[in-house]
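Take a look at the structure set out below.
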Amino acid sequence: MSWREGIVYQVYPRSFQDSDGDGVGDLPGITARLDHLEWLGVDALWVSPFYPSPLADFGYDVSDYTDVDPMFGSLPDFDRLTAAAHARGLKVLVDLVACHTSIQHAWFRDHPEWYVWARGDRPPNNWTSAFGGPAWTRFDDERWYLHSFYPEQPDLDWRNPEVVAAMQEVVRFWVARGADGFRLDAIDRLAKDPQMRDDPPSEEPFGLPLLDHERGRDFRHSRNAAWIGEALGAIREAAGDALLIGEVYLPAHKHAPYLEHLDRAFVFELIQSPWEPGALRHAVAAGAAVEGRSGPGATWALSNHDFGRFSARFGRRNERAAALLLMTLPGTACIYQGDEIGQGIGPGGDPPYDRVGRDVFRHPMQWDRTPGGGFSVSRPWLPVVDPAARNVADQREDPGSLLSFWRELIALRKGLGPGFRMLDGDPGVIAYERGNVRVAINAGDAPVAVPDGEVVLATAPAAAALAPGDAALVKPA
Ligand code: NOJ
């Protein structure tokens, strides 16, 4: 199996490993912990942004695309990380934030024409920011600028060929430095209606279970415009054969135009799904149906730094069954740091650093049972939650731990053949064929029979029935 269909491990650099004692994780910290990733058996790491940034959105507001924020290290630190990862057979994906820059990026000052503007007394249309409120902020007496996210993140105008060329340079820069691919941030927001028409009202949801402030509107003009392929084609041209995984915040059945140029897109149906058989089956079927440029088009994730921790969303009882699900789906699978030991959601930040309340998913990695979790020798930027209850060192020693179970699954995934087919059956069960094995996941509330055949791996010791929250992988007789 190519690494492209393997496992990407998401590192949130602020919270992975602090190497210089300032309470914030950094690139040398990641390098120092690569042993964990190699031991786990993943194929690649995606590192969330480490660019210079005023940190209005923790690095997703970039003020220089071709450097490293001193808080996270330096360009030589990136080179050392990449070299060390490659020496261990791990690929490195960089987070490309192409939709917007920081308002403090020199481009905003030196090339205002690279951004999206409107003139007048009021905003030109009803477009909204992903975080709520208008997507327009007044710049001076005459002008408004567009921001799909925070006001500190003005949107670039991808209709301007100079913007396209500048971002192509960025892509080439990281490829030349050894990046093997990119996660493309907020890529469905890149292309907007050039006429800037209002988004019409709609009773139908736009697609995904929407955020409350996104109900009642069809976002056809403020994002996902038909010309997206032009922009993506330019990114592909600069990226060559690098793996491109899009954060396409649309239902999977709308991913096709993106996947003409990208290899994969995240399946948000799964990241947002509750532990409920209908929703899970819908998510799996939706993502499995998508074809990417270099194989199955899905990148599956259970958690990330925006949408929470799967152990909290699904409940501890279902943790192992969910891991078995993730590791047997077709396409690329993504594990968010800490999920392998079942890190839960922690208390909110103090002070709350992130204005949309996402800090609870970003607590430091718990490496050992010391009070600081082995993350930092000083006070971490967010408290470490429960290192005595769950940490890498203890779980590594325990063959019955969640971490050991993930590791077994990861090894097993490498041997799964291609091919995927959903199977009918009990309404509480998500059942499918993957290559030459069958998977059954009991997300219902009654026991069900284990499929016939040799049980290769199961969440509970061999039994005649799968209890709710259990799952099994079976080689049919
Ligand atoms: C998606 C990122 O995952 C999120 O953290 C960020 O706030 C937005 N894109 C804007 O860049």
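Some observations on this one:
- Charge dipole (debye, nearest 20) of the chain; +1 at Cβ of Lys and Arg, -1 at Cβ of Asp and Glu: 880
- Rounded to 5, percent antiparallel among DSSP beta bridges of segment 142-296: 35
- Exposure proxy ranking for His261, His86, His36, His363, based on other Cβ atoms within 10 angstrom of each Cβ and starting from the fewest, stands as His86, His36, His261, His363.
- Within the chain, the longest run free of GluC sites (Glu not before Pro) that sit in a DSSP loop with at most 16 other Cβ atoms within 10 Å is 261-477.
- Over segment 1-90, relative contact order from alpha-carbon pairs under 8 Å, at least 6 apart, %: 29
- Applying 1/(1 + (r/R0)^6) with r as the Cβ-Cβ distance of Thr66 and Ala446 and R0 = 60 angstrom yields a FRET efficiency of 0.60.
- Working value for segment 1-104: equivalent-ellipsoid semi-axes of 23, 16, 11 Å, each the square root of 5 times a Cα gyration tensor eigenvalue, largest first.
- Rounded to the nearest 10 degrees, the inclination of helix 228-239 to the longest alpha-carbon principal axis of the chain is 80 degrees.
- Coarse-grained scattering of segment 288-379 at q = 0.13, 0.15, 0.22 Å⁻¹, given as base-10 log I(q)/I(0) from a Debye sum over alpha-carbon atoms: -0.54, -0.69, -1.11
- Equivalent-ellipsoid semi-axes of segment 106-181, from the Cα gyration tensor, Å, largest first: 28, 15, 10
- Helix axis angle, 277-288 relative to the chain longest principal axis, alpha carbon, degrees: 60
- For Asp140 and Phe307, a Förster radius of 35 Å and the Cβ-Cβ distance give a FRET efficiency of 0.45, rounded to the nearest 0.05.
- Based on C-alpha pairs under 8 angstrom that are at least 6 apart in sequence, the chain has a relative contact order of 13 percent.
- The helix-only estimate of mean residue ellipticity at 222 nm for the chain, built from DSSP H runs of length n ≥ 4 each weighted as -39500 (n - 2.57), is -6500 deg cm²/dmol after division by the residue total.
- Distant-in-sequence amide contacts of Thr128, defined by a placed amide H-H separation under 5 Å and a gap of 5 or more residues or a different chain, comprise Ala135.
- Magnitude of the charge dipole, segment 197-356, Cβ model with Lys/Arg +1 and Asp/Glu -1, debye to 20: 360
- The DSSP beta bridges internal to the chain are antiparallel in roughly 55% of cases.
- A convex hull fitted to the Cα coordinates of the chain yields 136 cubic angstrom per residue.
- Applying D = kT/(6 pi eta Rh) to segment 90-217, where Rh is the Kirkwood radius over alpha-carbon pairs, T corresponds to 25 °C and eta to 0.890 mPa s, the Stokes-Einstein value obtained is 152 µm²/s.
- As a size descriptor, the averaged projected area of the C-alpha convex hull of segment 374-458 was calculated at 8.8 nm².
- Projecting the Cα atoms of Ala98, Gly23, Ala83 onto the charge dipole of segment 1-122, computed from C-beta unit charges around the Cα centre, puts Ala98 farthest toward the positive end.
- Summing Cβ point charges (Lys, Arg +1; Asp, Glu -1) relative to the Cα centre of segment 1-148 gives a dipole of roughly 400 debye.
- In segment 97-136, the chymotrypsin sites (Phe, Trp or Tyr not before Pro) that fall in loop regions by DSSP, at most 12 other Cβ within 10 Å: none
- Comparing Trp107, Ser129, Val42 along the charge dipole axis of the chain, the residue lying farthest to the positive side is Val42, per the Cβ-charge model.
- Scaling against 2.2 N^0.38 Å puts the C-alpha radius of gyration of segment 195-316 at 1.13.
- Degrees, to the nearest 10: 161-176 long Cα axis against longest axis of the chain: 40
We did not get these values from a lab; they are worked out from the coordinates using the rules stated. Computed from a prediction, not measured in an experiment: that's the story for all the values here. So basically every Cβ, Gly included, is an ideal-geometry build from the backbone, and we count neighbours across all protein chains shown.
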